[in-house]
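Data block below; observations after.
The values are calculated or read from the model by the stated rules, or taken from the named source; none is laboratory data. These figures come from a predicted structure and were not determined experimentally. Every residue, glycine among them, receives a Cβ derived from its backbone with ideal geometry; neighbour counts consider all protein chains shown.
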Amino acid sequence: MMKRKQKRPFHVMIIPTLGCPSKCSYCWSSEVGSPIMSIDTVKEIVLWLKDFRDDPVTFTFHGGEPLLAGADFYRETLPLLTNELTKLSPNFALQTNLWKLTPELADVLAEYKIPIGSSLDGPMELNDYQRSAGYYEKTMQGYKLALAHGLNVQFICTFTSYSVKFKEDIFNYFRENGLTLKLHPALPSLRSDEPDRWALSPEEFGELLIYLLDRYLENMSEIEVRNINDYCRCVFTGRGTVCTFVDCMENTFAVGPDGSIYPCYRFVGMPEWKMGSVRDHPSKEDLAASPAGVRMNQFKEFVDRECKSCKHIRYCRGGCPYNAMAPTNGEINSVDPHCKAYKRIFDEIGDRFNQEMMGSLGLDNAGQQMGAAKGKRPGIMTLMQRILAK
Ligand code: SF4
Ligand code: SF4
């Protein structure tokens, strides 16, 4: 019998512009005066992908601020990608601060049931201090409009070296407002004079993750902390389930406003990381052979050597290559600097699981709750059951 080829989903990030109306203090990815992608370029994306590969694709519109492209851009782009690439079964997502959402845009996004990721760093005062004055109100207005049009919005919360001091307020804000918490540690901004001013250190990030694990377990009926779910899934299934914890090279690409192809949205606009152009319809092999493609694969090989003795290597894979290589201008001499934080949370989840297993031996389900019942530690197996049941 002929063996069926396994499908390998891939991800194409479309960056309609690097421009953004906000001026968040720690931003590293927007660019003043960036052009808007033309529909001709979208047509070239379609032509490029027609023969690129045969797997399911997810398109994420990212920025800069992708809504700056306007309603007409999405009215033309979404049917093009959907109808011309049916064999790739396209799915969509969009990452926006929601300021530029209009009823027209909301209608077209709702028609394609596009899930939206937005950004909010906690209560208004804190959010506006580290993003920009008036940010919170503008995002909330867009949020209300999105909800009124039936759109699904989830927020990403960036923790900085400043906001981490208010972690309890931030956690409570998300819990009290019924919002799912997905967090992101602030990276050194390579476009700023003070690159480390807001960056969260690996030690602070590790502490924060343990804190959130405990608070999550204590409040499981009221909140979901997406990252903790992801770390648990890694440990329990032995496989990474988000890009940071898989070999993202070869399965993730980003297309900049002018049609240039990069390994990920984080590299867009950095000429040395350009892999090709959609206009040339490059194959997988062409992209892999570009200097940027070669560099990404060298990172993978570096991780195989560097993390060889780490018990988390299978589902961590050295973390994010951008985090590892951007600060060194592409030199490969370390893994993701957040390694310490990843190790800390993976170890903690694994240790708690083992302790609870030991405790439950011979006690059936009652043992799983032992930690919580004795007031020592909330149980992690309950969380695992919930995650795996999804
Ligand atoms: S470079 Fe980092 S952010 Fe980009 S796809 Fe890879 S792991 Fe994800
Ligand atoms: S935790 Fe650190 S050492 Fe282990 S695989 Fe991840 S990056 Fe490598």
Worksheet item: In this structure, does GLU104 turn out to be without any contact (Cβ under 8 Å) to a residue 60 or more places away in the chain, part of a helix (DSSP H, G or I) and either surrounded by fewer than 21 Cβ atoms within 10 Å (Cβ to Cβ) or over 24 Å from the mean Cα position of the chain (by Cα) (or both)?
Response: yes
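Restricting to segment 164-186, name every residue that is within 18 Å of ASN227 (Cα to Cα) and either more than 16 Å from the chain's Cα centre (by Cα) or acidic (Asp, Glu) (or both). So that I can check it myself, show each step before the final result.
Of all residues in segment 164-186, those within 18 Å of ASN227 (Cα to Cα) come to 164, 167-168, 170-175, 178-186.
Scanning segment 164-186 gives VAL164, LYS167, GLU168, ILE170, PHE171, ASN172, TYR173, PHE174, ARG175, GLY178, LEU179.
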Discussion item. I'd like to check something: does segment 191-208 contain any residue that is at pLDDT below 95 and either on the phi > 0 side of the Ramachandran plot or of a type in the set (Lys, Arg) (or both)?
Written reply: yes
Response to the item:
When ASP214 is run through (1) in contact (Cβ under 8 Å) with a residue 60 or more places away in the chain; (2) of a type in the set (Asp, Glu); (3) assigned to a loop (DSSP other than H, G, I, E, B), the failure sits at (3)
Discussion item. I'd like to verify a number: residues in segment 7-19 that are over 19 Å from the mean Cα position of the chain (by Cα) and either of a type outside the set (D, E, K, R) or at pLDDT 95 or above (or both), how many?
Written reply: 1
Worksheet item: Taking into account only those residues within segment 294-352 that are crowded, with 16+ Cβ neighbours inside 10 Å and of a type in the set (Val, Ile, Thr), which is farthest from ligand 1 (Cβ to nearest atom)?
Response: ILE349
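Determine which member of the set LYS87, LYS23, LYS43 is surrounded by fewer than 22 Cβ atoms within 10 Å (Cβ to Cβ) and outside any helix (DSSP H, G or I).
Details: LYS87 fails: outside any helix (DSSP H, G or I); LYS43 fails: outside any helix (DSSP H, G or I).
None of the other options fit; the residue is LYS23.
Conditions (1) among the small types (Gly, Ala, Ser); (2) more than 15 Å from ligand 2 (Cβ to nearest atom), marked per residue:
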{"site": "LEU213", "(1), (2)": "no, yes"}
{"site": "SER221", "(1), (2)": "yes, yes"}
{"site": "ARG226", "(1), (2)": "no, yes"}
{"site": "GLY238", "(1), (2)": "yes, no"}
{"site": "CYS243", "(1), (2)": "no, no"}
{"site": "VAL246", "(1), (2)": "no, no"}
{"site": "ALA254", "(1), (2)": "yes, yes"}
Discussion item. What pairs come out if I take residues in segment 302-321 that are among the charged types (D, E, K, R) and pair them with residues that are within 13 Å of ligand 1 (Cβ to nearest atom) and part of a helix (DSSP H, G or I) whose C-beta lies under 9 Å away, six or more apart or interchain?
Written reply: ARG317/THR244; ARG317/PHE245; ARG317/LYS300; ARG317/VAL303
Worksheet item: Just a yes or no: is a residue in segment 187-197 farther than 25 Å from VAL42 by Cβ, of a type in the set (A, V, I, L, M) and part of a helix (DSSP H, G or I)?
Response: no
